[in-house]
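Throughout, read-outs are computed from the coordinates displayed, never taken from laboratory work. Since this is a predicted model, take the numbers as computed values, not measurements. Cβ: placed from backbone, ideal geometry, glycine included. Neighbour counts: every protein chain shown.
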Amino acid sequence: MIHDDMESFAAALPPMRALAGLDLGTKTIGVAISDRLRSVATPQETVKRKKYTLDAQQLLAILKDREVGGIVLGLPRNMDGSEGPRCQSTRAFARNFSQLWDGPVTFWDERLSTVAAERALLEADTSRARRAELIDHVAASYILQGALDRLGNLSR
């Protein structure tokens, strides 16, 4: 089920299950996974996109293997907060994927997550080739960490 607000998403989450953060791109999908306590997001891998069915199968395998209880999708809003074609594409992905996976799905504003990930990788003195390899799942971890921090504040 897709939730547009964090409160209903939090209520739908099963206890003691990890969350996945996804950074959907046109060529890749960055994947990050949280710990079971939902306090830390860790970059996991980047899925090279092929066809939707193959991408979905690969994501479903990751979710099952990591015992994921919910998904946070990065929503690429425009800088003014409006939603463009990339947001529509992300929402369509969520609708299609939620037909294959019955866990809760929500969105997190991903503006500047790739910029923050790039900055962190530059500060770590990562080579250009290695940055290109890592950027998507590091961006996914920024998206997921933002959502985890928000969920943590809800429970206080």
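Within the chain, antiparallel bridges make up roughly 50 percent of the DSSP beta bridges whose residues both belong there.
When Rg and the Kirkwood Rh are both derived from Cα coordinates, the Rg/Rh ratio for the stretch 1-76 amounts to 0.96.
Bridging of residue 48 to aspartates and glutamates at a Cα separation below 18 Å is possible for 23, 133, 136, once same-chain residues fewer than 8 apart are set aside.
Annotation: peptides 17-29, 56-68, ranked by per-residue average of other Cβ atoms within 10 Å with the highest first, follow the order 17-29, 56-68.
Dividing the Cα radius of gyration of the stretch 2-154 by 2.2 N^0.38 Å, with N the residue count, gives 0.97.
Report the gain in length on full extension from residue 52 to residue 149: 0.36 nm times residue separation, minus Cα-Cα distance, nm rounded to one decimal.
Details: separation 97, 0.36 × 97 = 34.92 nm, distance 3.03 nm.
Extra length from residue 52 to residue 149 when fully extended: 31.9 nm.
For the stretch 2-154, averaging the sequence separation of C-alpha pairs within contact (under 8 Å, six or more residues apart) and dividing by the residue count gives a relative contact order of 34 percent.
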